[in-house]
Amino acid sequence: MIAGITGQDGGYLAKFLLEKGYRVIGLYRRGATDTFCKLKEHGILEQIELIDFDLLEFSNICRLIHIHKPDEFYNLAAQSFVAASWNEPIYTVQADGVGVLYILEAIRQFSPQTRLYQASTSEMFGKVQETPQTERTPFYPRSPYGVAKLMAHWMCVNYRESFGVFACSGILFNHESPMRGKEFVTRKITHHFARLATGQTMDPLELGNLNAKRDWGFAGDYVEMMWLMLQQDKPDTYVIATGETHPIRDFVEEAGKTCGFDIEWQGSGTDEIGVDRKTGKTLVRVNPRFYRPAEVELLIGSPKKAEEELGWKPKTSYRELCRMMMQSDLDRAKKGLL
Ligand code: NAP
Ligand code: GDP
C-alpha cells in the first residue's frame, strides 16, 4: 500500500515494487482534474489498484488498514513543499505530523503486523548541528514542514518502542528526477531552461537564494532503500544521501550546459544575474519573493549506515542527474508537452 502514489516517489516506488511482483494498492487524493499523469508516463497506471485517501481522514485510514491489512505501508503522502509550509502551517502539521499518527494508530489497532515506511526528511536537520549529518545528528528544523516531519519521525520511534510497531523512518536528503514537481528548484530550473532553449519564453528564470547547498540524489535510486528498510529484521532509522553537496547556482550552470548555455554570474545579492557568455542574454535573475523566512543553508548527509547495514549505494551521479532532468524537459518541450 503506497500513500502518495501520484507524487514523484510514488511512481518510482510503485514501478520498483511491481517489477518485484508485488500487488500494489495506491492511495490518492480524489480531485477534479487528472492527477495520474506521472503514473501514465511510467506506463504503470493500469497495474495499480487505486483507492481514495486523505491524510486528515482518520476513519478512512482505519477502514483501509483494517480491510486490506497490507504487508507493507509506504507513507509518501505529505504537503511536501517547504516554502508553502509557512503559508499553510496548520494544514502542514495536520497532514505531515498528525496524519502519520493516524496511520500509526490504525496499524497498531487493526494490523499490527503491517510494516510502515515513513518518509522523513533532511529538513529535520535544518540549521545543521554537525556536518555531514548522520542518524545521530541533533535535529533543528527551520520550517513548519520540518517541524511537522520531526513530530512524525518521533511518533514512529515512539510507536516502535511503545507498541512494537514495525515503523521505519527514512531520513532522505533531496532527491529529484524528471518527475519532480515544478515548484522545486531543480525542476523549476530545467523546466524554464527548456522553454528558453526552445523559444517558448524569452523571460529570465527567477530564483531566490542561489547559495543554499543541497545533497541531491536520484529518486529512482532512493526508492530501493525504502523497500530495503522494510526487509530488515528490526525497524530502524536510516539517512539516505549521496554525501556530496552543491549550491543552487551550480545546478543552474550544469543544467545550462545541456541546453548550450554558458552561464556567467554578474552582480551580487538581489542584483545578481546569470548571463549567457555567448549571446549576452540574461537567463537568470534573483527575485527576493523566493527567499524563505528561515533558510536551510547547507545539507550534506552521510549514507554510511545505509551502506554498511543495507549494502546500498546511490547509482546516479549528480552530473548524470542534472543531465537526465534537463534532457527530459528538452524532449518534452520539443514535443510541446511543457
Ligand atoms: P510529492 O511529489 O509532493 O508527492 C506528495 C504526495 O502526497 C502526492 O501524491 C500528493 O497528492 C499526496 N498528498 C499531499 N497531501 C495529501 C493529503 N492531505 N492526503 C493524501 N495525500 C496527500 O512528494 P515526493 O517528492 O514524492 O516525496 C514523497 C515523500 O517524501 C513526501 O512525504 C516528502 O515530504 C518526503 N520527502 C521528499 C524528499 C524529496 O527530496 N523529494 C526528501 C525527503 C522527504 P496530490 O498529487 O493529490 O497532491
Ligand atoms: P527543499 O530543500 O525541500 O526546500 O527543496 P527546494 O527545491 O524547494 O529548495 C531547495 C533550495 O533552493 C532552498 O534552499 C531554496 O531556498 C533554494 N531556492 C532558490 N531559489 C528557489 C526557487 O525559486 N524555488 C525553490 N523551490 N527553491 C529555491
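A few points about this structure:
- Screening the candidates 176, 244 for the property of being open to solvent by 10 Å² or more (accessible area, probe 1.4 Å) and either within 15 Å of ligand 2 (Cβ to nearest atom) or closer than 30 Å to residue 293 by Cα (or both) yields one hit, 244.
- If you go through the stretch 9-32 and pick out every residue that is out of contact with any Leu (no Cβ under 8 Å at 6 or more places or on another chain) and open to solvent by 20 Å² or more (accessible area, probe 1.4 Å), you end up with 13.
- Subset of the stretch 179-216 [in a loop (DSSP other than H, G, I, E, B) and crowded, with 16+ Cβ neighbours inside 10 Å]: 179, 180, 184, 198, 204, 208, 209, 210, 212, 215, 216
- Residue check for residue 106: more than 21 Å from the chain's Cα centre (by Cα), closer than 26 Å to residue 188 by Cβ, away from ligand 2 (no atom under 16 Å from the Cβ) and not hydroxyl-bearing (Ser, Thr, Tyr): no
- Test: residue in the stretch 324-332 that is closer than 23 Å to residue 174 by Cβ and open to solvent by 70 Å² or more (accessible area, probe 1.4 Å): yes
- Some residue of the stretch 119-128 being more than 9 Å from ligand 1 (Cβ to nearest atom), more than 29 Å from residue 182 (Cα to Cα) and not hydroxyl-bearing (Ser, Thr, Tyr): no
- For residue 46, the requirement of being assigned to a helix (DSSP H, G or I), among the charged types (D, E, K, R) and open to solvent by 10 Å² or more (accessible area, probe 1.4 Å) is met.
- Close pairs from the stretch 162-173: first more than 15 Å from ligand 1 (Cβ to nearest atom), partner open to solvent by less than 10 Å² (accessible area, probe 1.4 Å), Cβ under 7 Å, at least 6 apart: 165/104; 165/107; 165/116; 166/116
- Of the helices (runs of 4 or more DSSP H) lying entirely inside the stretch 53-113, those containing at least 1 residues that are surrounded by 21 or more Cβ atoms within 10 Å (Cβ to Cβ) and in contact (Cβ under 8 Å) with a residue 60 or more places away in the chain are 58-68, 99-110.
- Residue ID - surrounded by the most Cβ atoms within 10 Å (Cβ to Cβ), chosen from residues in the stretch 115-146 that are within 18 Å of residue 102 (Cβ to Cβ) and of a type outside the set (Phe, Trp, Tyr): 118
- Residues (of a type in the set (S, T, N, Q) and open to solvent by less than 60 Å² (accessible area, probe 1.4 Å)) located in the stretch 252-310: 258, 282, 287, 302
The values are calculated or read from the model by the stated rules, or taken from the named source; none is laboratory data. Just so we're clear, the structure is a prediction, and the values are computed from it rather than from any experiment. Because the Cβ atoms are built from the backbone with ideal geometry, glycine has one as well, and the counts that use them run over all protein chains shown. Surface areas here come from the heavy atoms of the whole protein model, side chains and all, with no ligands, DNA or RNA. Shrake-Rupley method; radii C 1.70, N 1.55, O 1.52, S 1.80 Å.
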